[in-house]
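These notes concern the structure reproduced below.
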Amino acid sequence: MQEIPETQTQSALIVRRLTKSYGAIKAIDNVSFRVAKGEILGFLGPNGAGKSTTMRIIAGLSQATSGTVDVCGISVALYPDKAKSHIGFMPENNPLPEDVRVLEYLRYRARLKGLDGRRLAERVDEVMDICQLRHKAARKIIGNLSKGFKQRVGIADAILAEPDLIIMDEPTIGLDPHQIIAIRELIKSLRGRMAVIISSHILPEIELVCDRAIIINQGCVVASGSPEALRREFLPMNRHKVSLKLQPDEFGKRLKNILPKADFSVDAELADADGYYRYTVKTPLEESAGEKLVREFSSTPECCLREVALDKPSLEEVFMAATRRSWEQVMKKPAKE
Amino acid sequence: MGRFKALLSHQIQLMFIAPSTYVAAFLFLSFMALMYLLCVEEISSSTTAISPMETFLSTFWVPVLFMVPLLTMRSLAEERRMGTLGALMSTPVSAWQIVLSKYLACYIFYILLWSLTLAYPLILFFSLPQAASDERIFSWPQMFTGYSFIFASGAMYVAIGIFSSSLTRSTLVAGMLSFCILFLAIVGVGMMMKLAPETESAWGTYMAGAADYLQPFRQLEDFSASIFDTRPFFLYFSATVLLFAITSLITEAKS
């Protein structure tokens, strides 16, 4: 469990030992984490892990059974209205009224968030520019907009009152690749200005956008850190892709000579049309395998070395490893008891 | 206050762009115009002292049964179905502000529709000048007390509609639920009194008196006779506040 430092000055959000129970079932159990101001945090977990429950409690829509949530030092449970004025929330599926125009809707939401007069008009124009809504969609009825534009309206609403913390539950769900890139760029542009929590199933998305990720499974935080730190923790090895004209038996023998601790697998049992085999070589983190591989196989011309490439484990693999580990811990518990 | 104003003006705007509002308005005004015409025809062929307005207002329950569900069924049920209630609750507004804004928007429209029926005597006055001398057409005290009753009872009926809408995600179910509760509140008490066996025990007499007090038709009789009784006002106000509080709690729990 990640310990939270007492200094709250640089924290947009501090979640301490948050638990939510529905009868005997714990949706989330003792969840703690913090988000620094201007940081983008990815919130990962399989379906039913407790992501949406956590986000709803942070947004003040649901009450925790125990634990505390402080947004910019304000307790969400004790001062919900005050805390909510620091939060921009975009719920899952981005629900929007169908029969209102974009401009009218944003003005209405701005008034609800306490903006008025010239500031309201300026801010609405500003967010429409940021989300590229002003010229294409400002006067359109929300129900007639494409999914991508609806997501933009949701994001525009979330950033409208310049909150310190933005919570987005699956912001890119159902979007095409062009729209995903546009939304990703939009979220990146918020870095440094607002703290952002993004929940998503699209893990490469999180890796591209977020400074840090939290993996939650079975209601518990199972991993937390930057994608690089998570890789080191859950998949502590280097992985290289090697492509050359050498049979697996021979490749194994020569590999043992230069890297005794290495392990390898053949990507395809048969050579490709050009006679090349592809191997994945796994070595301990401290071993610099790339250089040794190049030196060994390039020195023999008949190997016809074509490629030695470092293959970083994806966040997806880290996610699988982290959730598998937490499952194993869960399975071990009853055995111990 | 600024946030509540924003909520209320948005709800009124939504009400005026919803097709169900215009369906309710059309049905209501057409039905009431027909009712007024029939009342005038009946009065004109008799020498009774009863005014057309008195007979006209006694039919108030018929349009209420379909107008109130049509006006209120979307209010909270639609928001919950669409998920917009959660988005609304994530802003610094409370559940009671949301419920009150929806309630007031519907109630304002309810009052507006009933106020439009005041045009019927005026239309009669201008289209049949010879009828203008008939005192029964413009009985001001009767109109004042009668419409006071309509507005007071309407406060509770609209609160019933909003309450029904908070119980479900389906607008259709909300409408049907609202219709059933309204039917029980308006007609049910009278029907139960008729069906209940007559008893001379103290408890039975007390219950019959209480049930009689709850009957809207009994109250309307007094108001139509230009008697301004404050007890029904207290009843409708307290019932409205109670329903409003329950609806706010439900909304908060289900957002």
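All of the numbers you see were taken from the coordinates with simple rules; none came from a lab. Treat the numbers as computed from the prediction; the structure is a model and nothing was measured. Glycine gets a Cβ as well: all are built from the backbone with ideal geometry, and neighbour counts include every protein chain shown.
Against chain B, whose longest principal axis comes from its Cα atoms, helix B:202-214 is set at around 80 degrees.
Calculated mean residue ellipticity at 222 nm for chain B: -25000 deg cm²/dmol, from DSSP H runs with n ≥ 4 weighted as -39500 (n - 2.57), summed, divided by the residue count and rounded to 500.
Label separation (residue A:226 vs residue A:162): 2.9 nm, computed from points 7 Å beyond Cα along the C-beta direction. Peptide B:5-12 shows a mean partner chain C-beta count of 3 within 10 Å per residue C-beta. The label-point distance for residue B:119 and residue B:33, in a model that sets each label 7 Å from Cα toward Cβ, rounds to 0.8 nm. Between 0 and 90 degrees, the angle of helix B:171-183 with respect to the longest Cα principal axis of chain B falls at about 40 degrees. Taking the stretch A:120-161 and a reference point 7 angstrom along Cα→Cβ of residue A:185, the backbone N atoms nearer than 11 Å belong to A:132. In straight-distance terms, cross-link reach from residue A:84 covers every one of the lysines whose alpha-carbon lies under 29 Å from its own, apart from those fewer than eight places away in the same chain; here that gives A:20, A:26, A:37, A:51, A:113, A:140, A:147, A:150, A:188, B:5, B:102, B:254. Reported to the nearest whole Å, the Cα centre-to-centre distance from the stretch B:1-20 to the stretch B:23-94 is 19. Which residue, B:11, B:228, B:48, has the largest displacement toward the positive end of the dipole of chain B when charges sit on each Cβ (Lys, Arg +1; Asp, Glu -1)? So the residue we want is B:11. DSSP beta bridges confined to the protein assembly as shown are antiparallel in about 70 percent of cases. Counting other Cβ atoms within 10 Å as a rough exposure proxy, the listed residues B:108, A:87 run B:108, A:87 from fewest neighbours to most.
Extending 7 Å from Cα along the Cβ direction at residue A:93 and again at residue B:252 yields two label points whose distance is 2.6 nm. With θ taken as phi - 60° and the Karplus curve 6.51 cos²θ - 1.76 cosθ + 1.60 applied, the whole-hertz 3J(HN,Hα) list for the stretch B:55-64 is 5, 4, 5, 5, 9, 4, 5, 5, x, 4 Hz, x standing for glycine and proline.
Based on Cα contacts under 8 Å between residues 6+ apart, chain B shows a relative contact order of 28 percent.
Starting from 0.36 nm per residue, how many nanometres of slack lie between residue A:270 and residue A:129 once their C-alpha separation is accounted for?
45.3 nm
Placing +1 on the Cβ of every Lys and Arg and -1 on the Cβ of every Asp and Glu, with no other charges, gives the stretch A:193-337 a dipole of roughly 480 debye about its Cα centre.
Peptides A:292-298, A:157-163 ranked from most to least packed, by the mean per-residue count of other Cβ atoms within 10 Å: A:157-163, A:292-298. Phi-derived couplings, Karplus 6.51 cos²θ - 1.76 cosθ + 1.60 at θ = phi - 60°, listed residue by residue for the stretch A:21-37: 10, 10, x, 7, 8, 9, 6, 9, 9, 6, 7, 9, 6, 9, 10, 6, 4 Hz, with x used for Gly and Pro. If R0 is taken as 60 Å, the Cβ-Cβ distance between residue B:20 and residue A:263 corresponds to a FRET efficiency of 0.30. Legend: mean number of C-beta atoms from other chains within 10 angstrom of residue C-beta atoms, peptide A:156-162, equals 1. One decimal place: the segment residue A:241-residue A:295 gains 17.9 nm when fully extended, by the rule 0.36 nm per residue minus the C-alpha distance.
Per residue of A:99-109, count partner chain C-beta atoms within 10 Å of its C-beta, then hand back the mean as an integer.
Mean number of neighbouring Cβ atoms from other chains: 2.
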